[in-house]
Amino acid sequence: MSNIFVVGIGPGDAVFLTQQARSAMEQADVLCGYTVYIDLVAPLFPEKETYSTPMKKEVDRCRWALETAQCGKTVAMVCSGDAGVYGMAGLILELGADCPDVAIEIVPGVTAALSGAAVLGAPLGHDFCVISLSDLLTPWDRIETRLCCAAEGDFVVCIYNPCSKKRTDTLRRACAVLMEHKSPDTVCGWVRNIGRDGQESRILSLKELADETLDMFTTVFIGSSSTTICSGNMVTPRGYRRP
């Protein structure tokens, strides 16, 4: 039986690769993925064949991987962060239902919520949720509903894809929804280029966050009512110090 590994590579730097992820790519004959992610891992395996496609070609990419596996090659489909968090794991499993002779293994990785949180401190110390602001596949009214519910529930909210060249106002709109239920002084933070060259971060208020100019390579953290700043770190207490 032929194999496909769907591999989460973490933020991008080799130090964030799990041993399982590295092993999967070592076993693979072909590394397949979005162009940016292939550029990150190809130098680690210069002898490997690679195949990449741009954004909006996810279905084509996954079908190619399955067809290549059916021809007898072991394929590693690489995804940034974790393969099952806004990655290709679900799509490969959906399409793979028509390829019963291909064994699919999902290899977890360090998603941006976790690696970004570590840069800021400990913002995810209590209940949190993850929401993408990209309306490419999800209608904006549904995104707004999810933001509203998360704010009403006083969750820490981790936001992926806050803005893009075409979606310049989505973060500002999201902050407006959140401030219907959260204080403008809520502690927030963002991290850009996590684990890559040019990494930068900032801790600020929700009101200040609404005016930030960010991009698709930035992960945003909106605190709960208990989130605070401790020695320059963003911290959401679990409650261990309560009497």
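Shown here are the Rg and Dmax of the Cα trace of region 1-109, at 12.1, 36 Å. The alpha-carbon of Lys207 sits under 16 angstrom from the alpha-carbons of these aspartates and glutamates, leaving out residues fewer than 8 places away in its chain: Asp169, Glu180, Asp185.
Here the gap between Ser164 and Tyr51, fully extended at 0.36 nm per residue and compared with their Cα-Cα distance, gives a gain of 38.2 nm. Rg over Rh for region 115-178 works out to 0.97, using Cα positions for both radii and the Kirkwood form for Rh. Here the ratio of the Cα radius of gyration of the chain to 2.2 N^0.38 Å is 1.08. Partner lysines whose Cα lies under 16 Å from the Cα of Lys73, excluding those fewer than 8 positions away in the same chain, are identified as Lys48. Given a 1.4 Å probe and the protein chains as shown, Thr18 ends up with an accessible area of around 50 Å².
Using a probe radius of 1.4 angstrom, the carbon and sulfur fraction of the accessible surface of the chain is 50%.
Between amide H atoms placed 1.01 Å from N, distances below 5 Å from Thr186 occur with Leu206, Lys207, all of them 5 or more places distant or on a separate chain. Taken along the Cα-to-beta-carbon direction at a fixed 7 Å, the label points for Val36 and Glu94 span 2.1 nm. Amide H to amide H, with H built 1.01 Å from N, Ser132 comes under 5 Å of Tyr160, counting only residues 5 or more places away or on other chains. The equivalent ellipsoid that matches the C-alpha gyration tensor of region 159-224 spans semi-axes of 20, 14, 8 angstrom, in descending order.
Determine the per residue accessible area of region 16-99 with all protein chains present and a 1.4 angstrom probe, expressed in square angstrom. If you can, show how the numbers build up before the last one.
Details: 4090 Å² over 84 residues.
So region 16-99 comes to 49 Å² accessible per residue, rounded to a whole number.
Applied to region 32-44, the Karplus parametrisation 6.51 cos²θ - 1.76 cosθ + 1.60 on θ = phi - 60° returns per-residue 3J(HN,Hα) values of 10, x, 4, 3, 4, 6, 5, 4, 6, 9, 4, x, 6 Hz, with x for Gly and Pro. When the pairs Lys57/Lys166; Lys57/Lys165; Lys56/Lys182 are compared against a 24 Å limit on Cα-Cα distance, Lys56/Lys182 fall above it.
Can you work out the FRET efficiency for the pair Gln199 and Thr74, with r the C-beta to C-beta distance and R0 = 35 Å, to the nearest 0.05? Could the numbers behind the result be given before it?
On the way: r = 33 Å, r/R0 = 0.94.
Between Gln199 and Thr74 the formula returns 0.60.
With 0.36 nm allotted per residue and the present C-alpha distance subtracted, the Thr138-Asp101 stretch has 10.1 nm of extension available. Is the C-alpha gyration tensor of region 1-63 telling us rounded, prolate or oblate? Criteria: a/c under 1.5 is rounded; beyond that, a/b larger than b/c is prolate, otherwise oblate. Cα axes put region 1-63 in the oblate bin. Taken about its Cα centre, the chain carries a charge dipole of about 520 debye when Lys and Arg each add +1 at the Cβ and Asp and Glu each add -1 at the Cβ. Here the calculated FRET efficiency for Arg173 and Asp29, from their Cβ-Cβ distance with R0 = 45 Å, stands at 0.50, rounded to the nearest 0.05. The charge dipole of region 28-73, taken about its Cα centre with unit charges on the Cβ atoms of Lys, Arg (+1), Asp and Glu (-1) only, comes to about 160 debye.
The values are calculated or read from the model by the stated rules, or taken from the named source; none is laboratory data. A quick note: this is a predicted structure, and the numbers were derived from the prediction, not measured. All Cβ positions, glycine included, derive from the backbone under ideal geometry; neighbour counts span all protein chains shown. The area values use the complete protein model at the heavy-atom level, side chains included, leaving out ligands, DNA and RNA. Shrake-Rupley method; radii C 1.70, N 1.55, O 1.52, S 1.80 Å.
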